[in-house]
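To start, the structure itself, in structure tokens.
The values are calculated or read from the model by the stated rules, or taken from the named source; none is laboratory data. Not measured: the values here are computed from a predicted model. Methodologically, a virtual Cβ is constructed for each residue, glycine included, from the backbone with ideal geometry; neighbour enumeration extends over all protein chains shown. Each accessible area value is taken on the protein alone, full model and side chains, heavy atoms only, with ligands, DNA and RNA left out. Shrake-Rupley method; radii C 1.70, N 1.55, O 1.52, S 1.80 Å.
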Amino acid sequence: MDKPRVGVFICHCGTNIAGKVNIEEVKKFASGLEDVVFATDYKFMCSDPGQELVGKAIREHNLNRVVVAACSPLMHESTFRRVCMLSGINQYLFQMANIREQCSWVTEDPELATSKAKAIVSGAVAKARYLEPLRIKEVPINPNILIIGGGIAGIQAALECAEAGNKVILVEKSPSIGGHMAQFDKTFPTLDCSACILTPKMTAVGQHPNIQLMTYSEVKEIDGYVGNFRVKILNKAKYVDHNKCTGCGICMTKCPYKAPNEFEEGLAMRKAIYTPFPQAVPNKPVIDKETCVYFKTGKCRACEKFCEPKAIKFDDTDREVEVNVGAIIVATGYELFDTRSIPQLGYKKYDNVLTGLEFERINNAAGPTAGKILLKDGTEPKSVAILHCIGSRDKNYHEYCSRVCCMYALKYAHLIKEKTGADVYNCYIDMRCFGKGYEEFYHRLTEEGVDFIRGKATTVLNYNDAKVLYPEMVESIGLTDSEEDRKKLLVRVEDTLLKKTMWLPVDMVILCNAMESRKDAKEIARLLNISIGKDGFFLEKHPKLAPVSTATDGVFLAGTCQGPKDIPDTVAQASAAAAAAISLVQRNKVVIESATASINEELCSGCRICNDICPFTAITFDEAKNKSVVNDALCKGCGTCASACPSSAITANHFTDRQIFAEIEGLLNV
Amino acid sequence: MNYYTPFLEVTKTIYEAGGEDLKKCYQCGTCTAVCPWGSVREFSPRYIFKLAQHGLEGYEGDELWLCSTCRTCVDRCPRGVGIIDVFTSMRSIIAQTGLIPPTLRTVLGSINSNGNPWAGKREDRNIWAKELDIKKFQSGTEYLYFSCCAPSYDPRTKKLAVATSRLLKEAGIDFGIFGKEESCCGESIRKTGDYTTYEKLLDSNISLFNSNGVKKIIAQSPHCLHSFKNEYPSKGGNYETIHYTQILFQALKSGRLKAKKGFNKKVTYHDPCYLGRHNGIYDEPREILKSIPELNFVEMLRVREQSFCCGGGGARMWMETPKEERFGVLRIKEALSVGAEVIATACPYCIQMLEDGRTALGVEDRIQVMDISEILSSVVF
């Protein structure tokens, strides 16, 4: 390697660094270091003129090592590597010295900050001397895209990718796509019918030549790396041959066995052979093995008897399919908080205490009450309380705000007023109406005569329990032993604006329960090698600058699996994820990490310690040679194997022992 | 005409006194809606917090002394505000000015001169044990039995210490007691905001316990349990503390204690705030009751984490409460509503407050108030 000619460029970063560190002093110090042939400073190194400065210096001073003392490598290492590459030197001959996050931003005393900056620059220069040029590696990319989850996010992403010409495999766990949006009645703030805007997209997915739809299926295993994922998908046995089935629906009418209908939130039953809802895509049934009595006793087979095209297939089996894709979009959606965790609210203890989704089904014309708002006994409520923030904004359950509930609470208030004229009370802490048309919707609502109570409701009691615990209260608010009053629920809340604690006698209580991550989220995260945040949702790469990417290249997020959001934001994010996926796969080639580990065959003893220790399963064993081998494409250069190897046979490129020791000496020899 | 403006100096003083959690309150009103006071009068802890957040006058009024530290609000608070600590901090600021309720002044005076809140003589501290032949605690004794000040000076709760110590002896447990050298555990004293007196108590007890090699404590009162377990360690007093129901339950399970007869009554159990919500002990007292032959156990509506405070905690035991506002009355009514003939509990303060409720209602012939130790004692001996 030729003699190092190091150029040192010190950034002011406005006042971020210059406000604490004495740039002149550091520059003078740097120019005095051995092998440094050029040292300068500039206000914003990452800007165009700043980068120009580097390029110019490389050419004019024949630099073969570049050190930029500025912010963190995470911010601009790639920026300056690119400058090096464009100026004709290998990107890996560049070293970043972080004198901002690790120095000026965390040191109070300017003198100490300056001496620390000098040490950091000295360390960077010392390491730079031993840097080696590394080969840039590219792998081909498979143009297919896998989308996990067939709700509105998955559907939107699938259509965008398919329209771009990419082949899409859309995997959905339940028998139909549509997700939670298919369960809704009207959507805020326009009060569009949810199914009316969703079903055209569902149909488009079902008919698109580029989309291979796998419903009643689950992703079981994912191998590989960005651009080259090998995915094993389980197609669960449907026991109905969808190629023969015409979707006539006779089997469903004849089936004598029932189970609670998941789509109806348990408020109605479905048959053992079923489609989740009438507009299902595909509109062909599956048989639920757990409920179908044939699988327990061999009897019945009514569906088979009545099926003209002979589509019933009791000998159907689960099938495993393997697909190769270049990018994966995760759109697995959400679940709702189980309100039984707050027993004081009476959910599942008293009648007529409902969750948001249950009330949604009651409002839906295709739901268990044909769209009429009815109490359990079939009568209409004369008063309803809607309780905001149940399980959300609550350190005892979920600290985050679920974002959509204030809006759907307003929507419910409107629907109740429109359909029944009942008294409506909204118990809220804040009204979060942030989106387009949302505040206007709130304004419209207030004109409908809803009683807004600013306070979080804490307790729900039925008439009997209230009479035992608060007999004087029950009497004083005018409740009697009449049949009507005995059905009442009493909600306790402090109106914080009035400073009066109240009891609200109502017929029905709706709980705005929190959106939470699905219980199988951990399993999916493991499969995909992505992280889960503190709030339980999948972690994006950067909340502002990379909201649809993950730390795992090639895996993108869309929809509520990344965090609570409404339909407009879900669709926007799905399009964004699709754009990111399309952008990736249409490149045909992707550059992968160069700073990987390499194993010196001669030194390798075949002990295989590195095989299991690798967090990216990037090391395999060559039985014939009795040596371990690093898969360059999977290796992320974390260095774990290099430190674990007892024979010192593994080099962590760009972080070799010699480079690291040099850096340490550089830091200490100031 | 009043002109209002925030006075953040006062707010900062409250933060410095230990009320930092005040910052977290987002004024949702949960605390006010769940507070037991709401059953008998208007009281908004949330409002007091808002005044305190602004540093406005009003937080230092009488209402500051209403909190019985039952912890119902803390459990439900969505922001995790240490509401009890905020109240105690505000009380400590007032305590420094001497403006505490007059009855508390007597209590604190008694603590300072005699080591107990009941104006009883120090020398009389273990008179309850006179005829029981209980040894004095010394180094090597396994457990210190801490009876609480109430049984020493209150005739009703004296029976609790007598019952428990007899049961402990019967179960073959090695324990001893202190006498006049011992002082109040300090739990209620801390809640008055008089931190000086409180620290004196702890220093005195810790020095007594440590110099005598105390390692394990059996507490009669959940308040003492709470103090020894949660507050003594930071002052150098590290003792493995359990409630008497826990060790007696173990004795029953292992057969060292046996019920020799039945207890043919309908019994309900009132979870003391300091045993239940504060220290998570709900099952052992119930298991003891359920293991007694012929005992018909029924639960009230507000049980376990939802238990309704007796009104004795937070030093309320020594403050005036108008008859129609006493929690004990409501609790006895609730017990009667499930047809209970006995309301059982496991705390000397609860016993006193529930007995007061029973008398106030005039239902002595319909329901009895009994401690777990008394019920168990009646079937073991």
Is it fair to say residue A:394 is open to solvent by less than 40 Å² (accessible area, probe 1.4 Å), assigned to a loop (DSSP other than H, G, I, E, B) and of a type in the set (D, E, K, R)? yes
Residue tally, condition modelled with pLDDT of 95 or more, small (Gly, Ala, Ser) and in contact with a strand residue (DSSP E or B) (Cβ under 9 Å, 6 or more places away or on another chain), over the range B:178-195: 0
Return a yes/no flag: does the range B:16-27 have any residue that is in a helix (DSSP H, G or I), facing another protein chain (nearest Cβ under 10 Å) and surrounded by 16 or more Cβ atoms within 10 Å (Cβ to Cβ). no
So, of the residues in the range A:505-538 that are touching a His at 6+ places or on another chain (Cβ under 9 Å) and in a loop (DSSP other than H, G, I, E, B), which turns out to be least open to solvent (accessible area, probe 1.4 Å)? A:514
If we ask which residues in the range B:40-81 are at the interface with another protein chain (Cβ under 9 Å from one of its Cβ atoms), in a helix (DSSP H, G or I) and surrounded by fewer than 17 Cβ atoms within 10 Å (Cβ to Cβ), their number turns out to be 1
Subset of the range A:412-434 [among the aliphatic types (A, V, I, L, M) and within 14 Å of chain B (Cβ to nearest Cβ)]: A:429, A:431
Residues located in the range A:569-606, provided they are within 30 Å of residue A:201 (Cα to Cα), open to solvent by 40 Å² or more (accessible area, probe 1.4 Å) and polar (S, T, N, Q): A:583, A:586, A:588
Options B:218, B:242; residue that is in contact with a helix residue (DSSP H, G or I) (Cβ under 8 Å, 6 or more places away or on another chain), more than 28 Å from residue B:98 (Cβ to Cβ), outside any helix (DSSP H, G or I) and open to solvent by less than 10 Å² (accessible area, probe 1.4 Å): B:218
Would a scan of the range A:126-133 turn up a residue that is in a helix (DSSP H, G or I), of a type in the set (D, E, K, R), under 30 Å from residue A:63 (Cα atoms) and touching a residue at least 60 places away in the same chain (Cβ under 8 Å)? yes
When you go through (1) within 14 Å of chain B (Cβ to nearest Cβ); (2) more than 38 Å from the chain's Cα centre (by Cα); (3) surrounded by 12 or more Cβ atoms within 10 Å (Cβ to Cβ) one by one for residue A:485, which number turns out not to apply? (1)
Hey, among the residues in the range A:442-465 that are more than 10 Å from chain B (Cβ to nearest Cβ) and open to solvent by less than 20 Å² (accessible area, probe 1.4 Å), which one's farthest from residue A:410 (Cα to Cα)? A:463
Which members of the range A:70-82 meet the condition of being surrounded by 24 or more Cβ atoms within 10 Å (Cβ to Cβ) and out of contact with any Lys or Arg (no Cβ under 9 Å at 6 or more places or on another chain)? A:80
Can you list the helices (runs of 4 or more DSSP H) found entirely within the range B:283-381 that contain at least 1 residues being surrounded by fewer than 21 Cβ atoms within 10 Å (Cβ to Cβ) and within 14 Å of chain A (Cβ to nearest Cβ)? B:327-337, B:348-361
For the range A:220-260, which residues satisfy the criterion of being open to solvent by 20 Å² or more (accessible area, probe 1.4 Å) and under 30 Å from residue A:513 (Cα atoms)? A:258, A:260
I'd like to check something: does the range A:585-605 contain any residue that is part of a helix (DSSP H, G or I) and at pLDDT 95 or above? yes
Taking only the range B:82-103 into account, find how many residues are more than 27 Å from residue B:306 (Cβ to Cβ) and within 14 Å of another protein chain (Cβ to nearest Cβ). 0
Expected single match for under 22 Å from residue B:245 (Cβ atoms), touching a residue at least 24 places away in the same chain (Cβ under 8 Å) and touching a His at 6+ places or on another chain (Cβ under 7 Å) among B:309, B:350 is B:350
If you take the residues of the range A:281-333 that are touching a residue at least 60 places away in the same chain (Cβ under 8 Å) and basic (Lys, Arg), which of them is least open to solvent (accessible area, probe 1.4 Å)? A:313
Flag if residue A:499 is within 14 Å of another protein chain (Cβ to nearest Cβ) and open to solvent by 70 Å² or more (accessible area, probe 1.4 Å): yes
Of all helices (runs of 4 or more DSSP H) fully inside the range A:22-124, the set with 1 or more residues that are at pLDDT 95 or above and closer than 23 Å to residue A:545 by Cβ is A:48-61, A:73-86
Just to check your reading of the model, which residue among A:473, A:502 is closer than 21 Å to residue A:409 by Cα and out of contact with any Cys (no Cβ under 9 Å at 6 or more places or on another chain)? A:502
Residue B:266 vs (1) closer than 30 Å to residue A:459 by Cβ; (2) away from every other protein chain (no Cβ under 14 Å); (3) open to solvent by less than 40 Å² (accessible area, probe 1.4 Å): all pass except (3)
Do any strands (runs of 3 or more DSSP E) lying entirely in the range A:196-265 carry at least 2 residues that are charged (D, E, K, R) and closer than 26 Å to residue A:366 by Cβ, and which ones are they? none
Tally the residues that are part of a loop (DSSP other than H, G, I, E, B), open to solvent by 20 Å² or more (accessible area, probe 1.4 Å) and under 22 Å from residue A:406 (Cβ atoms), restricting the search to the range A:548-568. 3
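Results for (1) at pLDDT 95 or above; (2) in a helix (DSSP H, G or I); (3) farther than 12 Å from residue B:373 by Cβ, shown as yes or no for each residue.
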site	(1), (2), (3)
B:131	no, yes, yes
B:141	yes, no, yes
B:145	yes, no, no
B:150	yes, yes, yes
B:157	yes, yes, no
B:162	yes, yes, no
B:167	yes, yes, no
B:172	yes, no, yes
B:176	yes, no, yes
State yes or no: is residue A:474 within 14 Å of another protein chain (Cβ to nearest Cβ), crowded, with 22+ Cβ neighbours inside 10 Å and touching a Leu at 6+ places or on another chain (Cβ under 9 Å)? yes
Go through the range A:645-670 and give me each residue that's of a type in the set (A, V, I, L, M), under 36 Å from the mean Cα position of the chain (by Cα) and open to solvent by 30 Å² or more (accessible area, probe 1.4 Å). none
Number of positions in the range B:183-215 that are in a loop (DSSP other than H, G, I, E, B) and closer than 25 Å to residue B:92 by Cβ: 8
